[in-house]
Amino acid sequence: MEMSAIESKKLILNHYENSIQYIAKLTRLTDDCWLTPIAESKWSVCEIVGHLVPWDKFVMEKRLPYLLNLKQELESPNVLEMNQIAALESLNISKDEGIKKCILTRLKLVNEIIKIPASEINKELNIGTSILTVTAYFKGLIVHDLHHFQQIDEFLNKCDKKQHCSHVPCQKGVIT
């Protein structure tokens, strides 16, 4: 059964509000847990959180205007470059600054999602060769977030045993 536009929007907003709480709780981490790669050849929690910022900005500046028919041109990001720059930048600021930056950007995104008219949230759009809705687009972003939050939780569970980091696991809710 398809969700109503209001239900879809509430679930999207709920995820982003929960993600802000999740990210805020990462301030409890030791610097060691914050900066240690989660696995060999993987990013640290710092870099994972840091890479969310440019993606949230990209969604606000490049995707929402297109998805809401305010802009005709669909811009594609250089994913590798965007991620590399974000990871490097996150390592050059303090944990508190990085978390604050991520939370403030997420809050701006929440405010932009609030502005989306209910009539637009489940409307089908062409993106390249795909047809999707604003809800489906955000569902993909939510899956991405939850993937990273699960990686962080698994790492911190190991880190807890070694260094007594304090954290709260992510919530597993996904739009269906």
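The set of residues in the range 100-122 that are outside any helix (DSSP H, G or I) and surrounded by fewer than 16 Cβ atoms within 10 Å (Cβ to Cβ) comprises Lys115, Pro117. Residues in the range 13-72 that are aliphatic (A, V, I, L, M), crowded, with 20+ Cβ neighbours inside 10 Å and part of a helix (DSSP H, G or I): how many? The total comes to 8. Under the condition of being surrounded by 14 or more Cβ atoms within 10 Å (Cβ to Cβ), within 18 Å of the chain's Cα centre (by Cα) and farther than 13 Å from Val49 by Cα, the residues counted in the range 123-146 number 8.
Output yes when any residue across the range 60-75 is at pLDDT 90 or above and either at negative phi or of a type in the set (Phe, Trp, Tyr) (or both), and no when none is. Working first, answer last.
The first filter runs over the range 60-75 and keeps only residues at pLDDT 90 or above, leaving 60-61.
Checking the rest, the ones that are also either at negative phi or of a type in the set (Phe, Trp, Tyr) (or both) come to 60-61.
Yes: the range 60-75 contains one or more residues that are at pLDDT 90 or above and either at negative phi or of a type in the set (Phe, Trp, Tyr) (or both).
Residue-wise test of (1) in contact with a helix residue (DSSP H, G or I) (Cβ under 7 Å, 6 or more places away or on another chain); (2) closer than 26 Å to Asn157 by Cβ.
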residue	(1), (2)
Lys9	yes, no
Asn14	no, yes
Arg28	no, yes
Cys46	yes, yes
Val53	yes, yes
Asp96	yes, yes
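The values are calculated or read from the model by the stated rules, or taken from the named source; none is laboratory data. Computed from a prediction, not measured in an experiment: that's the story for all the values here. Cβ atoms come from the backbone with ideal geometry, glycine included; neighbour counts cover every protein chain shown.
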